[in-house]
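The values are calculated or read from the model by the stated rules, or taken from the named source; none is laboratory data. Quantities reported herein were computed from a predicted structural model and do not represent experimental measurements. Because the Cβ atoms are built from the backbone with ideal geometry, glycine has one as well, and the counts that use them run over all protein chains shown. Calculation scope for accessible area: heavy atoms of the full protein, side chains included, ligands and nucleic acids excluded. Shrake-Rupley method; radii C 1.70, N 1.55, O 1.52, S 1.80 Å.
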Amino acid sequence: MVHKMKRVPRIWISFATIVVVFAVWSIVSNTGMVGPSYLPSPQALLSSFVQLLKNGYQRVPLWEHIGISLFRALTGFALGVAVGIPTGLVTGYNRSADAAISPIMAFIRPIPPIAFIPMVVLYFGLGEVGKIVLIFITAFNYAHVNAHAGASHVPIAYIRAAQTLGLTPGQIFRKIVFPAAWPHIFTGLKVSMALSWAVVVAAELVGAQKGLGFMISDAAQVFQIPVVFIGIALIGCIGLALNMILSVAETKIVHWKGR
C-alpha cells in the first residue's frame with residue numbers, strides 16, 4: 001500500500017530557509033571566515049541596533065530618520081498615484097487622450113528615476129520639495145502605466161453589453177471600466193510603493209541630513225558597517241510592511257479577483 005507524503009506547509013519552508021540563512025551567517029561571521037569589518041555577526045548587529053535606539057545616529061533619533069524617509073516616500077507616492085491613476089484610466093479609455101499622452105509617457109518610461117536627480121536639484125534645490133518631486137515622478141510613471149493597462153484591457157463584451165443597455169460613455173467608465181481596472185491599479189500601487197521606497201534612498205544621498213538613505217551613505221563613508229547593514233534591514237522590513245498593507249487592502253477591495 002502506497003502512502004502519499006504530506007506536503008510541508010509553505011510557512012515551515014520559509015521559516016526553515018530563514019533559520020538556515022541566519023545559521024550560515026552566524027558561522028561565517030563568528031569563525032572568522034569573513035572579517036567583522038565586512039560582515040558583522042548577528043550579535044554585533046543587535047548590539048549596534050540597541051545603541052542606535054538609545055543614542056540615534058549623528059545626534060538624530062533613529063525614529064526620526066525612519067519618519068522623515070517615510071514622509072518623503074509616502075508624500076511623493078500619494079501625489080504620484082493621485083495624478084497617475086486618473087490619467088492612466090482616461091488614456092486607457094479614450095483614444096484621443098491616449099494619442100496625446102502616450103508619446104510623452106513612452107519617452108519618459110525607460111528613463112531611470114535617478115537620472116532625474118541633477119534636474120530635480122537644479123529646479124527644486126536640495127530641500128524636501130526636490131526629493132518629493134523625484135519620488136512623485138517614479139510613482140506617477142508606474143501608477144499611470146498600470147491604470148492605463150487596466151482601462152484598455154476591459155473585455156469588449158462588457159462594453160458592448162453596457163451600450164446595449166443604453167449606458168452613456170460616462171456611465172460605462174464609472175460602472176464598467178473603473179471597477180474592471182482595479183486589479184491592474186493595485187499592481188501599479190504595489191510597484192509604485194516599492195520603487196518610491198527604494199528611490200527615497202537615492203534621493204537622500206544628495207543634500208539630506210536625515211533619513212535612512214543619509215544614514216546608510218554617511219555610515220559607509222566612515223566605515224560603520226553595522227549601521228549600514230541595519231539601515232538596509234530597516235528599509236527591507238518597512239518596504240515589506242508597506243507591501244503587506246497594500247495586499248490586505250487589495251483583498252478587501254478586489255475581493256472578487258481570481259474568482
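Scan segment 59-82 and give yes if some residue there is open to solvent by 50 Å² or more (accessible area, probe 1.4 Å) and polar (S, T, N, Q), otherwise no. Within segment 59-82, not a single residue is open to solvent by 50 Å² or more (accessible area, probe 1.4 Å) and polar (S, T, N, Q). Of the residues making up segment 20-68, those that are β-branched (Val, Ile, Thr) and in contact with a Leu (Cβ under 9 Å, 6 or more places away or on another chain) are VAL28, ILE66, ILE68. Going by the structure shown, is ILE101 assigned to a helix (DSSP H, G or I), more than 28 Å from the chain's Cα centre (by Cα) and free of Cβ contacts under 8 Å to residues at least 40 places away in the same chain? No. Of the residues making up segment 229-251, those that are of a type in the set (Val, Ile, Thr) and open to solvent by 20 Å² or more (accessible area, probe 1.4 Å) are ILE232, ILE235, ILE238, ILE245, VAL248, THR251.
Restricting attention to segment 63-85, the residues being more than 13 Å from the chain's Cα centre (by Cα) and closer than 22 Å to ILE230 by Cβ number 7.
Scanning segment 173-186 for residues that are within 29 Å of PHE107 (Cα to Cα), free of Cβ contacts under 8 Å to residues at least 60 places away in the same chain and open to solvent by less than 60 Å² (accessible area, probe 1.4 Å) returns PRO179, ALA180. Number of residues in segment 128-176 that are part of a loop (DSSP other than H, G, I, E, B) and within 30 Å of ILE117 (Cα to Cα): the value is 0. Any idea which residue in segment 168-202 is farthest from ILE235 (Cα to Cα), counting only those that are among the basic types (Lys, Arg) and in contact with a helix residue (DSSP H, G or I) (Cβ under 8 Å, 6 or more places away or on another chain)? Top of the filtered list is LYS175. When each of GLY127, GLY170, GLY166 is tested for being open to solvent by 50 Å² or more (accessible area, probe 1.4 Å) and at pLDDT below 90, the lone residue that passes is GLY166. Filter segment 89-110 for residues that are open to solvent by less than 50 Å² (accessible area, probe 1.4 Å) and farther than 16 Å from ALA147 by Cβ and give the result. Listed by number, the list is empty, since nothing qualifies.
Cβ-Cβ distances below 6 Å connect the following pairs, each with a first residue in segment 83-95 that is at pLDDT below 90, a second residue that is open to solvent by less than 60 Å² (accessible area, probe 1.4 Å) and hydroxyl-bearing (Ser, Thr, Tyr), and a separation of six or more residues or different chains: GLY92/SER152.
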